[in-house]
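Remarks on the structure that follows.
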Amino acid sequence: FGTIFLTYSSKGCGGAGLFNSVFSIWIDGKLETLRAISMAHLGPHERCAPDGSNCVSYDHVSGNVEPRYINQTQPEGWEHPLRESNLVETHELIHLFGIYWHSSARKCDAAATDFRECKHREYGNEFSLVGGAGAALELPANERYNLHFLSRGDILSVGESGSFQIGPISSALPAEHRAALIVTDAYSLWLEYRRPVGYDTSLGWEDYRENTEGLMVTAGNHLIDLNRGALDEENTLFQVILNGGASWRPFGTKVTISNVVSLGDVGVNFTVTFGDELNSDSYGVS
């Protein structure tokens, strides 16, 4: 028996990480290959505004702050379900369970056409525990499915035109489907519907409530900005859904998603149309 110390050094900031180390060691006269999977918190560190001002010291180990909420409008008496240290630890544990990526986003300006070419923002999904987690903490459909939190039967596979319904991705109410997957020749799209319950309770706050009234869409691990067009400093990716007043023709596909109708806690209705014309000239939101 013995102890092996794994060390990690970082300069300039703190944080956390999941470490997967493979190394060789002599055991009883034989050279053996071992793997060590470990998790580390590095702190304290500072978070600052983009111009370097308003820095606040964070300590992941002691958990001296609650997770950030950009607009800071949480109701009086609100108690967050995960303190900062627990939030980071849970994030890293999800990586350990096989989610080796982050919930990122594509942030698009008014001139954008193909969202896949928009600015990549790591951790950009502010509605995901493995993203920025700045507005909500639920896991998106793609991650939930890969973790077996959603079964194959929970996923509505859309391959032809029609009207459809999915229930909230996380709810105690019964629903036939919890998410939808549209497969096109260009890429696949996950559709989900959020409600202000559980780890998404903060979506009931005024700044985020709009995101409970329509479809949230991701392509793989990237949240798609369906409210794009605001100036970079104004668009925080906190209002991202396709709501009841809009339709979307995803660039490079013949698909149109429209007629979005929120049914409250029951679910959301929407229409998918597979047309003849390829959308090759616009972002497609109208």
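The values are calculated or read from the model by the stated rules, or taken from the named source; none is laboratory data. Everything numeric in this text was worked out from a predicted model, so none of it was measured. Note that we place each Cβ from the backbone using ideal geometry, even for glycine, and neighbour counts take in every protein chain shown. Accessible surface is based on the protein model in full, side chains and every heavy atom, while ligands, DNA and RNA are left aside. Shrake-Rupley method; radii C 1.70, N 1.55, O 1.52, S 1.80 Å.
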Q: Considering only region 166-228, give the strands (runs of 3 or more DSSP E) lying wholly within it that have at least 1 residues that are modelled with pLDDT of 95 or more, over 15 Å from the mean Cα position of the chain (by Cα) and more than 21 Å from His102 (Cβ to Cβ).
A: 179-183
Q. (1) hydroxyl-bearing (Ser, Thr, Tyr); (2) surrounded by fewer than 19 Cβ atoms within 10 Å (Cβ to Cβ); (3) closer than 23 Å to Thr273 by Cβ: which one isn't true of Thr218, the others all being true?
A. (2)
Q) Which one of Gly98, Gly132 is part of a loop (DSSP other than H, G, I, E, B) and under 10 Å from the mean Cα position of the chain (by Cα)? A) Gly132
Q: Report, ordered by the first and then the second residue, all pairs with beta carbons closer than 7 Å, sequence separation of six or more or different chains, a first member in region 145-161 that is in contact (Cβ under 8 Å) with a residue 24 or more places away in the chain and farther than 17 Å from Gly220 by Cα, and a second member that is assigned to a strand (DSSP E or B) and among the hydrophobic types (A, V, I, L, M, F, W, C).
A: Asp154/Ala179; Gly159/Val183; Glu160/Phe274; Ser161/Val272; Ser161/Phe274
Q) Can you tell me which residues in region 241-252 are in contact (Cβ under 8 Å) with a residue 24 or more places away in the chain and either of a type in the set (Gly, Ala, Ser) or over 26 Å from Pro168 (Cα atoms) (or both)? A) Gly244, Ala246, Ser247, Phe251, Gly252
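Conditions (1) touching a strand residue (DSSP E or B) at 6+ places or on another chain (Cβ under 7 Å); (2) open to solvent by less than 30 Å² (accessible area, probe 1.4 Å), marked per residue:
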residue	(1), (2)
Ile182	yes, yes
Thr201	no, no
Asp207	no, no
Glu213	yes, no
Q: Quick one: in region 118-129, of everything that is more than 21 Å from Thr212 (Cβ to Cβ) and not in a strand (DSSP E or B), which residue is farthest from the chain's Cα centre (by Cα)?
A: Cys118
Q: Please specify each residue of region 186-207 satisfying the condition of being touching a residue at least 24 places away in the same chain (Cβ under 8 Å) and in contact with a helix residue (DSSP H, G or I) (Cβ under 6 Å, 6 or more places away or on another chain).
A: Trp190, Glu192, Arg194, Arg195, Leu203
Q) Would it be correct to say that Glu176 is touching a residue at least 60 places away in the same chain (Cβ under 8 Å), of a type outside the set (A, V, I, L, M) and open to solvent by 10 Å² or more (accessible area, probe 1.4 Å)? A) no
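Quick one: is Gly131 at positive phi and not aliphatic (A, V, I, L, M)?
On the way: at positive phi: no; not aliphatic (A, V, I, L, M): yes.
When the stated conditions are applied, Gly131 does not pass them.
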Q. Across region 143-165, what is the number of residues that are under 22 Å from Leu263 (Cβ atoms) and in a loop (DSSP other than H, G, I, E, B)?
A. 2
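In region 98-108, how many are open to solvent by 40 Å² or more (accessible area, probe 1.4 Å) and under 18 Å from Gly252 (Cα atoms)? Step through it out loud before you land on a result.
Applying the first criterion (open to solvent by 40 Å² or more (accessible area, probe 1.4 Å)) to region 98-108 yields 100-101, 106.
Cutting the leftovers down to under 18 Å from Gly252 (Cα atoms) gives us 106.
Residues in region 98-108 being open to solvent by 40 Å² or more (accessible area, probe 1.4 Å) and under 18 Å from Gly252 (Cα atoms): 1 in total.
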